[in-house]
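The values are calculated or read from the model by the stated rules, or taken from the named source; none is laboratory data. For clarity, every value in this text was computed on a predicted model and none was experimentally measured. When we count neighbours, we look across all protein chains shown, and the Cβ atoms used for this are built from the backbone with ideal geometry, even at glycine. Only protein heavy atoms, including side chains, enter the accessible area calculation; ligands, DNA and RNA are left aside. Shrake-Rupley method; radii C 1.70, N 1.55, O 1.52, S 1.80 Å.
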Amino acid sequence: MATKKVEMVISPKPAHFVGDGFRVHNFIPGVQGLDMKRMDPFIMLDYNSKFHFNGTEIPRGVGVHPHRGFETITIAYQGRVEHHDSAGGGGIIGEGDVQWMTAAKGVLHKEYHETEWAKTGGIFQMVQLWVNLPSVYKMSCPKYQAIKNSDMEKVDLGDNGFIEVIAGEYNGQKGPAFTFSPVHMMNAKLKAGGKADFNFPANFNTAALVVEGSIIVNGAEKAPTDNLVLFQNEGENFTIEASEDSIILIISGMPLDEPIYPHGPFVMNSKEEIMQAFEDYNLGRFGYLAD
């Protein structure tokens, strides 16, 4: 099979705050070449690189806000997050855990630093992804998947390290997350000098975020901490080698090839559907959630 070559290595843009609890670098869709259509089904990627928050009695975060038409996935690397939504989903995301919320026809939700963690503060590091839903599922019922690190499939690579599979599969080992379209999502935790081989269909939109350490891709392209590697849509195989102990988030998904019509917290297929989303939200059809 042919090699999946690197299209570009992207350094993070200046950070901005989402609410008062998430200091993020936006890669998708804010970086040229990483728009929603190019990265379909991944329509947003915010990366909260390592940032120290001082302790506070009132947890920092984002207040009540709506979503419709897609899924939000929060991956906790350091720190703890608490979540509540109007469909009854919620819980605490500990270090290494994942929160997978399917907004679908509409939910209100809020997310903030977990109460006890917020009191002492510390280093906070997270990724939030938005994954688009196929049109046939956009108006389905909301759901919530709380994925503990202990529930993830760990693929042992021997002296190289291991792979944590969140969704999709690696070497035939499947992750616990349910997805509405083919999506692979995993953390490669490689030791210094460790290598891992990956194989995804040529047309799948594929990227790798260097959360810790630094890597060499296909024996040639270097990517340091906090950089994103975008792969071409040709070839299937690529190799990652860790120059030092590293953590790399790998995402690869089949494009939905449907119209994408985003507006703020809603991502639908047409202007009319966006207008309907605002009407439903204003009429209280997303349920109720106290701020």
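From the convex hull of the Cα coordinates of region 24-76, what is the mean projected area in square nanometres? All intermediate terms of the calculation are to be shown ahead of the outcome.
On the way: hull surface 20.4 nm².
Dividing the Cα hull surface by four gives the mean projection, 5.1 nm².
Write down Rg/Rh for region 154-288, rounded to two decimals, with Rg from the C-alpha atoms and Rh from the Kirkwood relation over Cα pairs. A ratio of 1.10.
Below 8 Å between Cα atoms, with a sequence gap of 6+, how large is the relative contact order for region 6-253 in percent? Please list the in-between numbers first.
Values: 699 pairs, mean separation 46.9, N = 248.
It comes to 19 percent, rounded to a whole number.
Among Lys119, Lys189, the order of accessible area from largest down is Lys119, Lys189, computed with a 1.4 Å probe on protein heavy atoms. Accessible area per residue for region 1-148, computed on protein heavy atoms with a 1.4 Å probe, is 38 Å². Once you have the Kirkwood Rh of the chain from its Cα pairs, apply Stokes-Einstein at 37 °C and 0.692 mPa s and quote D in µm²/s. Calculated translational D: 170 µm²/s.
Relative to the Cα centre, the charge distribution of region 1-134, modelled as +1 at Lys and Arg Cβ and -1 at Asp and Glu Cβ, gives a dipole magnitude of about 440 debye.
Accessible surface of Ile92, taken over heavy atoms with a 1.4 Å probe and every protein chain present, rounds to 70 Å². Taking the square roots of 5 times each eigenvalue of the Cα gyration tensor of region 1-159, largest first, gives ellipsoid semi-axes of 25, 21, 18 Å. Using a Cα-Cα cut-off of under 26 Å, which lysines could be cross-linked to Lys50, ignoring same-chain neighbours fewer than 8 residues away? Straight-line reach from Lys50, under 26 Å: Lys13, Lys110, Lys119, Lys148, Lys154, Lys189, Lys191, Lys195, Lys222.
Packing order of peptides 20-26, 272-278, highest average first: 20-26, 272-278 (average count of other Cβ atoms within 10 Å over each peptide's residues).
Quick one: ranking Thr120, Thr115 by accessible area, 1.4 Å probe, largest first, what do you get? Don't skip to the end; give the middle numbers.
Details: Thr120 105, Thr115 50 Å².
Largest accessible area first, the residues go Thr120, Thr115.
Add -39500 (n - 2.57) for each DSSP H run of 4 or more in the chain, then divide by its residues: what number comes out at 222 nm, to the nearest 500 deg cm²/dmol?
Working: 3 runs with 22 residues, N = 291.
Value at 222 nm, helices only, nearest 500: -2000 deg cm²/dmol.
Taking the Cα centre of region 164-291 as reference, the dipole from Cβ charges on Lys and Arg (+1) and Asp and Glu (-1) amounts to some 240 debye.
How large is the dipole of the chain about the Cα centre if only Lys and Arg carry +1 and Asp and Glu carry -1, each at its Cβ, rounded to the nearest 20 debye?
Values: 24 positive and 36 negative charges, 51 e Å.
Value, rounded to 20: 240 debye.
Considering only Met139, Gly96, Gln128, and ranking their Cα positions along the charge dipole of region 92-166 that arises from unit charges at the beta-carbon of Lys, Arg, Asp and Glu, the one farthest toward the positive end is Met139.
For region 1-51, the direction-averaged projected area of the alpha-carbon convex hull comes to 4.8 nm².
Sort largest first and round to whole Å: the equivalent ellipsoid semi-axes of region 81-154, each the square root of five times a Cα gyration tensor eigenvalue. If you can, show how the numbers build up before the last one.
Details: eigenvalues 121, 46, 22 Å².
Each semi-axis is √(5λ); the values are 25, 15, 11 Å.
The relative contact order of region 93-210 comes to 23 percent, based on Cα pairs under 8 Å that sit 6 or more residues apart.
Heavy atoms only, 1.4 Å probe, whole protein assembly: order Trp117, Trp100 by accessible area, highest first.
On the way: Trp117 30, Trp100 0 Å².
Largest accessible area first, the residues go Trp117, Trp100.
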